[in-house]
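These notes are about the structure you will find just below.
A short reminder: the numbers here are calculations on the coordinates, not readings from a lab. None of the values given here were measured: they were computed from a predicted structure. Here Cβ is always computed from backbone atoms with ideal geometry, including for glycine, and neighbour counts include all displayed protein chains.
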Amino acid sequence: MQADLIYDVGVNDGSDSSYYLGKGFRVVGIEAHPGLAQTLQQRFSSEIAAGRYTLLNLGVADQDGTMPFWVCDDVSEWSSFNRDIASRDGSRHHEVHVSTRPFIHILAEHGVPYYCKIDIEGNDRFCLDGISPNDAPAFVSIEMSHRNGSRDLAQLEALGYRRFKILNQLNFTPALPWLVSLSRPARVKRRLDRFYSSRFGKREDEGWVFPPGSSGPFADGTPGRWQSLAQAIATWGKLKKISDKAGSLNVWFDIHATR
């Protein structure tokens, strides 16, 4: 493991990469979206020239090759190898073909990072499949599947991770299922949301303000206590019940894990 290295898998607009670079880390950024990759190449040109930033314009898959990739024209974050994700809510989208590479090969070439952020709209599991339990990042985060969160947690546990946090990505607070389910009166819920966010959330770090859509803090900088696998599965299970009943949580969560 290289203690000064972070992987940003799913760079999107580069907000997370910029934050990691500002913290003094070297960064390997992976972005399948060709248009975004071109913009990122320009944005981080000086860091690339200095050897602090490596940008890979490819998708993570189970084999080398090329695959159809669906670019969401309305919400770039929804661009995906899965057309259902790219077309969410009737969004305009179009097909391109991008190069793909197994994550295990990327790790072999660029090294195992201290922290690996994974957010690639449906292909997160391909990254986890490429991680070796004997040489894994100290910290990793993935977007939580509302439907299959227990599977994701079990896979992380199989890789040697023993402590977990589930964070609300709107305000970077530890997940509170009862607060997510609270709906009436609306003004009370808003006040509780604001209080909980101000008390336990982390919208900035040493002057860096996390923009909407960013992944937020990482590693031991994340708020809240680490949970055991059983506790994390219980938290996910409560969120899943709320989602199943309401049809949607209207908020997304990330799973953070460490050994």
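Worth pointing out:
- Charge dipole (Cα centre; +1 on Lys/Arg Cβ, -1 on Asp/Glu Cβ; no other charges) of the chain amounts to roughly 1540 debye.
- Protection proxy ranking of 40-52, 92-104, 75-87 - average other beta-carbon atoms within 10 Å, highest first: 75-87, 92-104, 40-52
- Only Lys, Arg (+1) and Asp, Glu (-1) charged, at Cβ; the stretch 25-104 dipole about Cα centre in debye: 300
- Of all DSSP bridge pairs formed entirely within the stretch 59-188, close to 65 percent run antiparallel.
- For the chain, share of DSSP beta bridges that run antiparallel, in % to the nearest 5: 55
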